[in-house]
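Heads up, the thing below is written out as structure tokens.
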Amino acid sequence: MTVTQPEQATGTVFRIDWVPGTDRLLGTCHCGARGEQEDPALMWDWLLAHPDHG
Amino acid sequence: MTFVRNQWYVAAYATELGRNLLARTILGEPIVLFRANSGRPVALADRCVHRHYPLSQSQLVENTIVCGYHGFTYGTDGRCVAVPGQQRIPRTARVTCYPVAELDSFVWVWIGDPDRADATLIPRAPWLADGRYTTVAGMEPLAARYGLLVDNLLDLSHETYLHGGYIGTPEVADTPITTEVDEERGIIRVSRRMADAACPPFYAQSTGITGRIVRWQDIEYHPPCLYLLHSRVAPAGVLPSPDGTDPDGFHVEVVYAITPSTGTSTYDFWAVARDFALGDEAVSTFLHDSNRTVVLQDVAALNTLEQVVAAEPPGLQELSINIDTGGLAARRMLARMAAGEPAPVPAAAR
């Protein structure tokens, strides 16, 4: 049996990685912009402000 | 909490429907479900137009429901075909007929504008009706708003504390997650990959693994209703082959359908499909009983939380931390959908 892969992503994906060994969150917008936060609500605010990431 | 209309919701398991009348309330709408003579599933409003008697407490006669109060008789399209004592059937005598689809062992009902019902929008859980898997399943009614169950399932770190001794181990809460929001397709993914974790009884007893494990939890939430957890366990150090085959891994597809009933109650459909110990009744019984126990632990906690939340003033501040990244994403997407923004485009339509 094969491992189930989640559905293939489209081009409009916001991604947040919790950086291992830290409390930091690294956000990556589908436009390529990247930013860091320590609060997930602020991280989503920053990402979803696309294209105005500031 | 606001409902998301113009969406498909799981109303029942296909096995629940027959020549009986099944009552379910979905998004506040009372619905009666049954199978027509042909076997086709039918969903009608569960209130007679006359005095609003529940049709689910009436009689199914061939392809009609005869109201148990005064005999108003409805066809499978919801149209009234007979009223007592007179020839003329009032023009407005019909009950709502809901679009229905039977897929992957579920009966899905469209709640909203029937002209927008498109069965290709239904997210899939193919393992539940696939002979290469053995599935156990159930449904537990929850006396809590559906958003509490969404929060619960999107943050599995609670397994460590609420489900210790069943599916929780310390590594679940300790392992960082990756979260993705696929805006176009309307999917939230949360991934937690544990390289060296204790094996909880749920997996130790069902797979026979005695030592530590690799444990992957890949969540795929298709809001509002379908939640998939692709779970992979294997002895520590054992990974899939580069070509994706995984002969030494154990795969469990955990499926939840989160169907709001009223503003403070929810149907918690759950299923566990595995690709090992196929047909083994002892393993099936163990996984069924264990998962039901876990679900009932969630039900007890969320029922308590509903009482707390209902008594709080609106807008009371919460505190979110990293483990909540997926849950916050789900809340945002549900709020946007409830506000009436366009539904995501199904993969097949692109």
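Summary table below
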item: Cβ-placed point charges (K, R +1; D, E -1), dipole of the stretch B:7-120 about Cα centre in debye, nearest 20; result: 520 debye
item: Inter-probe distance in nm under a simple model that places probes 7 Å from Cα toward Cβ, at residue B:52 and residue B:69; result: 0.9 nm
item: Helix B:281-311 vs. chain B, principal-axis angle (Cα, 0 to 90°, nearest 10); result: 70 degrees
item: Degrees separating the helix B:325-338 axis from the principal Cα axis of chain B, which is the longest one; result: 20 degrees
item: Relative exposure of A:43, B:337, judged by other C-beta atoms within 10 Å (fewest first); result: B:337, A:43
item: Cα lying deepest toward the dipole's positive end in the stretch B:7-120, options B:82, B:30, B:15, charges on Cβ; result: B:82
item: Label-to-label distance, nm, for residues given as residue B:143 and residue B:37 (7 Å Cα→Cβ offset); result: 4.4 nm
item: Theoretical ellipticity at 222 nm over the protein assembly as shown - DSSP helices of four or more residues, -39500 (n - 2.57) apiece, nearest 500; result: -6000 deg cm²/dmol
item: Ranked B:269, B:106, criterion: other C-beta atoms within 10 Å, fewest first; result: B:269, B:106
item: The stretch B:7-120: translational diffusion in µm²/s, Stokes-Einstein, Kirkwood Rh over Cα pairs, 25 °C, 0.890 mPa s; result: 173 µm²/s
item: At 1.567 mPa s and 4 °C, Stokes D of the stretch B:223-267 from Kirkwood alpha-carbon radius, µm² per second; result: 99 µm²/s
item: Spatial separation of Cα centroids for the stretch B:161-196 and the stretch B:83-155, in angstrom; result: 27 Å
item: Residues B:34, B:72 arranged by fewest to most Cβ contacts within 10 Å; result: B:34, B:72
item: Cα-only radius of gyration and Dmax that characterise chain B, units Å; result: 22.0, 77
item: 10 Å Cβ neighbours from other chains, averaged over peptide B:172-181; result: 5
item: Dipole magnitude of the protein assembly as shown, debye to nearest 20 (Cβ charges: Lys/Arg +1, Asp/Glu -1, about Cα centre); result: 1700 debye
item: Debye log10 I(q)/I(0) for the protein assembly as shown, one point scatterer per Cα, at q = 0.07, 0.09, 0.10, 0.12 Å⁻¹; result: -0.37, -0.59, -0.72, -1.01
item: Nearest-20 debye value, chain B charge dipole, Cβ charges on Lys, Arg, Asp, Glu; result: 1460 debye
item: Neighbour count of at most 13 Cβ within 10 Å plus DSSP loop: longest GluC sites (Glu not before Pro)-free window in chain B; result: B:63-317
item: Rg to Rh, two decimals, where the stretch B:223-347 supplies the alpha carbon set and Rh follows Kirkwood; result: 1.03
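All of the numbers you see were taken from the coordinates with simple rules; none came from a lab. For clarity, every value in this text was computed on a predicted model and none was experimentally measured. Neighbour counts run over all protein chains shown; Cβ positions are idealised from the backbone, glycine included.
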